[in-house]
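Below: one structure, written as structure tokens.
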Amino acid sequence: MAKLDQEQINAEIEKLKGWSSEGDWIVKEFQFENFRDAMGFMVKASYEAEELNHHPNWSNVYNRVKVELQTHSEGGVTGKDIELASRLDNI
């Protein structure tokens, strides 16, 4: 997959819910009611990521999950990242 330029990234993240561009990444922090819900999200997200053969950088603190997406082999954001972001928004 080809790396998107900044204009393409901006156009794509406008279609998403709460994602932003930070350098060569797109990022979002999801917030949940509690730790259990945050962990449940991560489990569901892992199935979506694995299906796309894409593995996000993420971290969890109590009820928050920060997700950073980049296609490592391309050194930046590709359509694969946009697809996973969309799937994560739909969980």
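Structure above, values below:
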read-out: Projected-area mean, segment 40-91, by convex hull of Cα positions, square nanometres; value: 3.4 nm²
read-out: Segment 61-76 - phi-based ³J(HN,Hα) in whole Hz, Karplus 6.51/-1.76/1.60, Gly and Pro as x; value: 9, 6, 9, 10, 10, 9, 10, 10, 10, 7, 8, 4, 5, 9, x, x
read-out: In sequence order, calculated HN-Hα J values of segment 7-16 (Karplus, 6.51, -1.76, 1.60; Hz; x Gly/Pro); value: 5, 5, 4, 4, 5, 6, 6, 4, 7, 9
read-out: Largest-first principal axis extents, alpha carbons of the chain, Å; value: 37, 23, 19
read-out: 3J(HN,Hα) from dihedral phi, segment 50-55, Karplus parametrisation 6.51/-1.76/1.60, rounded to Hz, x for glycine, proline; value: 5, 4, 8, 6, 9, 10
read-out: Qualifying GluC sites (Glu not before Pro) for segment 11-91 [loop in DSSP, other Cβ within 10 Å: at most 15]; value: 14, 33
read-out: Net charge, residue 68 excluded, C-beta distance under 12 Å - Lys, Arg +1, Asp, Glu -1; value: -2
read-out: Amide hydrogen neighbours beyond the local backbone of residue 77, cut-off 5 Å, H modeled; value: 4, 71
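Values in this text are rule-based calculations from the coordinates and carry no lab data. Keep in mind it's a predicted model, so treat the numbers as computed, not measured. Virtual Cβ from ideal backbone geometry, glycine too; neighbours counted across all protein chains shown.
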